[in-house]
Amino acid sequence: MWRLAGSAASNLRRARPFSTCIPGPCIVHKRGADILHDPWFNKDTGFPLTERDRLGLRGLLPPRVISFEQQYVRFMESYHSLEKNTRGQPEGFVSLAKWRILNRLHDRNETLYYRVLIDNIEDFAPIIYTPTVGLVCQNYSGLFRRPRGMYFSAKDKGEMMSMIYNWPAHQVDMIVLTDGSRILGLGDLGVQGIGIPIGKLDMYVAAAGINPQRILPVMLDVGTNNQKLLEDRLYLGLRQPRLEGEEYLSIVDEFMEAVHTRWPKAIVQFEDFQMKWAFETLQRYRKRFCMFNDDIQGTAGVALAGLLGTVRTQGRPLADFANQKIVVVGAGSAGLGVLNMAVQAVKRMAGADANPQFFLLDKDGLITKARRVIDPAAAPFAKAPAEIEKLGLMEGANLIEVVKKVKPHVLLGLSGVGGVFNEEVLKAMRESDSTKPAIFAMSNPTMNAECAAVDAFKHAGENIVFASGSPFKNVDLGMVSVLTWIGLGTLLSGARLISDGMLQAASECIRDITAEVGAAVIRAAVAEELAEGHGDIGPRELRQMSEEETVEHVKHNMWFPVYSPLVHEK
Ligand SMILES: NC(=O)c1ccc[n+]([C@@H]2O[C@H](COP(=O)([O-])OP(=O)(O)OC[C@H]3O[C@@H](n4cnc5c(N)ncnc54)[C@H](O)[C@@H]3O)[C@@H](O)[C@H]2O)c1
Ligand SMILES: O=C(O)C[C@H](O)C(=O)O
Ligand SMILES: [Mg+2]
């Protein structure tokens, strides 16, 4: 996820009046108080009298029926009074208070929760997702009240196939899975990382219209190497060091088998795995299951869309992307994912022999072939010493040297280190060979961003294109998420796996309307003959749909929160 200067957020807010949606009935297998305690079905005081009679709710609620719209207004009033009452308090305290009030609603009444989320996505996304979600994960054991999602631990070995059937929903379409080993730029947070799958899936529901009854956040707890957590008496995860090697992989294997036995077409998004396991698991499961790694592939889709957009804002033809000089700071899952996709794009545009002008740095500086030990995933991007010597650079050159000598069109940070784009580096970007240089400080959460928006504009100049992973205060930011659209398109195409072409399709035709991007991913899946259909729509029907019909199809399948009449069935 990232934010672009400008505004696309209003398009996510599909403002609909409360009264025009006439939803179909929803079957519920419980009655009475059990319904009131189930956030999927609960309408609080919104149950009409007839429904109270039918479902055994009469007498369990105060007599007056409050409409959905009134409930919405009431919630927003309490939210605004919380904002007023906490004014002047420390930022973290206020953010957590806001998260708590939203989380309580989430636990009580999902329909109302998602409605307020959709209508106020700009205000609420930074609370349910980055940056506040980072703080929530850091404090998760203390904040824990009610469970959400599923937890599979190293102690569950041999049991996962039966455990997966404990999940109450019959159908699951989207799973976000983490092992908590690299939560945003905050490091190993063990079981507390569950906040990330929860927050990401909420964004899927709000931005892409995925049905919240068909999502599943999952934590794979294989221990933690975070000493502070291991010593914390409140810590809710396994108190043991992380499993490694085959032991680790056998846990992930068992989970993947279990999940795909119960829901063969569920999409599993791997999120915030440390680099070695991010690449290894992607390699291991990519061809067998419908899965992707968000930090490698999703970030790449988003960043490439931004990089191509930057070429456009410079008033140049898209093919000029092949000549852009890009400095990537951070050679982890995200940085390497972006470079992989950017190289593919250059080769498509300029031919297989093209030599992209990409420079990669990690904590030890510029990566060249002269380095003694290079991670195999980074090796293809290591510069030949002869090539960089011409620029007056050498192995391990630091960031400021690289920026001064290369004069890049784009400076892209995925290092997880707050402030590495310091004043000197930003000022050096004024000498960029581009008339409109781009600075992407994509690390999360806000305090880990390579620089703040305000500093980028102050030191590098007003003409830059700036993008960040987390929102910055006092900067007009819209929010764009390609990841959610890739997921939606994959789901509705019924593709067996997620190909680079499908990811590419999402990033190259980024539009400001969710359905259009979702539809593009469907078309890419159809073109690559990966689409097997979803629900009532088979692959033939998908093939025969025109572009407009595909967009309509996506729109039609997007979930929107309204109270459905509940019908009890034993
Ligand atoms: N905005 C987004 O869409 C998005 C998506 C994915 C990841 N991220 C963020 O990117 C960051 C990195 O994620 P990752 O999965 O690649 O992590 P990672 O741990 O796999 O990689 C981090 C890389 O940064 C390098 N690094 C560390 N200190 C450095 C320094 N001082 N200078 C240069 N490089 C340095 C490391 O050597 C390593 O190569 C995290 O903060 C994460 O939140 C953002
Ligand atoms: O995609 C995002 O919003 C965040 C990203 O996955 C991250 O790890 O920082
Ligand atoms: Mg991530």
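The values are calculated or read from the model by the stated rules, or taken from the named source; none is laboratory data. Values in this document were obtained by computation on a predicted structure and should not be read as measured data. In this analysis, Cβ positions are derived from the backbone assuming ideal geometry, glycine residues included, and neighbour counts consider all displayed protein chains. With ligands, DNA and RNA removed, areas are computed over all heavy atoms of the protein, side chains included. Shrake-Rupley method; radii C 1.70, N 1.55, O 1.52, S 1.80 Å.
Go through the residues of the stretch 308-315 one by one and say whether even a single one is in contact with an Asp or Glu (Cβ under 7 Å, 6 or more places away or on another chain) and modelled with pLDDT of 95 or more. Don't jump to the end; show me each part of the working.
Step one: filter the stretch 308-315 for residues in contact with an Asp or Glu (Cβ under 7 Å, 6 or more places away or on another chain), giving 308, 311.
Remaining after also requiring modelled with pLDDT of 95 or more: none.
No: zero hits.
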Quick check on this structure: which one of Glu280, Glu247, Glu271 is open to solvent by 10 Å² or more (accessible area, probe 1.4 Å) and either within 16 Å of ligand 1 (Cβ to nearest atom) or under 30 Å from Leu105 (Cβ atoms) (or both)?
Glu280
Thr299: passes all of (1) within 13 Å of ligand 1 (Cβ to nearest atom); (2) β-branched (Val, Ile, Thr); (3) open to solvent by less than 10 Å² (accessible area, probe 1.4 Å) but (3)
Do you know which of the residues in the stretch 547-570 that are under 30 Å from Asp44 (Cα atoms) and in a helix (DSSP H, G or I) is least open to solvent (accessible area, probe 1.4 Å)?
Asn557
Scanning for something in a helix (DSSP H, G or I), among the aromatic types (Phe, Trp, Tyr), at pLDDT 95 or above and away from ligand 3 (no atom under 16 Å from the Cβ), does the stretch 258-273 turn up at least one residue?
no
Inside the stretch 163-197, can you point out the residues that are assigned to a helix (DSSP H, G or I) and within 13 Å of ligand 2 (Cβ to nearest atom)?
Gly193, Gly195, Ile196, Pro197
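Being among the small types (Gly, Ala, Ser), open to solvent by less than 50 Å² (accessible area, probe 1.4 Å) and under 26 Å from the mean Cα position of the chain (by Cα) is the filter; apply it to the stretch 511-546 and report the residue that is farthest from Asn211 (Cα to Cα).
We begin by selecting, within the stretch 511-546, every residue among the small types (Gly, Ala, Ser); these are 515, 518-520, 524-525, 527, 531, 533, 535, 538, 546.
Next, from what is left, pick out any that are open to solvent by less than 50 Å² (accessible area, probe 1.4 Å): 515, 518-520, 524-525, 531, 533, 538, 546.
Imposing the further condition that a residue be under 26 Å from the mean Cα position of the chain (by Cα) reduces the set to 515, 518-520, 524-525, 531, 533.
Numbers: Ala515: 15, Gly518: 15, Ala519: 17, Ala520: 20, Ala524: 23, Ala525: 21, Ala531: 20, Gly533: 17 Å.
Top of the filtered list is Ala524.
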Under 6 Å between Cβ atoms, at least 6 apart or on separate chains: pull out the pairs that start in the stretch 362-379 with a residue that is touching a residue at least 60 places away in the same chain (Cβ under 8 Å) and closer than 19 Å to Trp277 by Cβ and end on any residue that is part of a helix (DSSP H, G or I) and of a type outside the set (D, E, K, R).
Ala377/Phe279; Ala377/Leu336
For the stretch 80-144, please list each of the helices (runs of 4 or more DSSP H) lying entirely inside it that holds at least 1 residues being more than 28 Å from Ala441 (Cβ to Cβ) and of a type in the set (Gly, Ala, Ser).
140-143
